[in-house]
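So the structure is just underneath, and the comments pick up after that.
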């Protein structure tokens with residue numbers, strides 16, 4: 001599988017990234033976050049801020065300039081966050097963006113507040129993200145349903161995003177799926193693509209996204225588009241589903257620009 005053929009750009013601490021974003025009047029890109037591995041950021045004094053910006057413009061941080069510029073001016077953004085509910089491990093946090101034919105993907109290390117940044121083709125984001133999330137194995141059942149999650153994931157709201165269609169939930173026969181209690185969910189992940197700057201830090205619950213879960217003692221499953229059931233998930237399948245989200249946003253972007 002093509003994992004995106006990533007070229008290493010470098011690594012930057014979340015604290016330094018947050019300071020750069022703060023000086024530029026922006027929030028940290030979602031889903032990156034300061035965790036217990038970092039102390040609270042102190043508002044820099046003007047002299048310190050000037051020195052810090054010098055490090056970004058001409059010093060050791062300048063290698064991240066193309067990535068951060070691409071994030072601000074991107075055509076497409078993709079965010080993935082994996083929450084490990086039953087395991088004592090930090091969330092997996094991945095952010096990707098593309099502008100023109102150039103793409104970037106960045107991932108926050110689970111054991112330290114450090115972000116590793118890579119450059120790749122704009123057309124390799126889906127496989128790259130699927131590679132970085134470190135799936136376990138496809139689940140053993142054809143389809144599963146988690147009763148406690150019924151209605152938990154809502155479709156796009158009408159009137160808020162005219163490009164998106166309302167997601168209609170279609171009941172699935174009970175006999176067609178295996179019921180799994182939410183207590184067996186070891187991990188839950190969201191992946192979202194969008195072609196407009198984020199309204200706020202976090203998932204835009206009014207827009208389209210995909211969800212996959214890891215079932216204890218079984219494996220990984222991805223929900224269908226209407227969140228009726230989940231099917232076994234492989235790395236190849238996840239990359240394809242993410243590419244599908246991106247393709248929808250590319251089409252929206254082309255229509256918005258009058259290109260089709």
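Worth a mention:
- Computed E for residue 21/residue 83 - FRET, C-beta separation, R0 30 angstrom, nearest 0.05: 0.85
- Under the shape rule built on the C-alpha gyration tensor, where the axes satisfy a ≥ b ≥ c, the stretch 189-246 is prolate, since a/c reaches at least 1.5 and a/b is greater than b/c.
- Computed from the alpha carbon positions, the gyration tensor of the stretch 72-127 leads to an equivalent ellipsoid with semi-axes of 25, 11, 9 Å, biggest first.
- Gyration tensor (alpha-carbon) shape descriptor, the stretch 173-212, a/c threshold 1.5: prolate
- On the beta carbon distance between residue 183 and residue 60, with R0 = 35 Å, the FRET formula returns roughly 0.15.
Since every read-out is calculated from the coordinates, none of them should be taken as a lab result. These numbers come from a predicted model, not from an experiment. Heads up, the Cβs are rebuilt from the backbone with ideal geometry, glycines too, and the neighbour counts pull from every protein chain shown.
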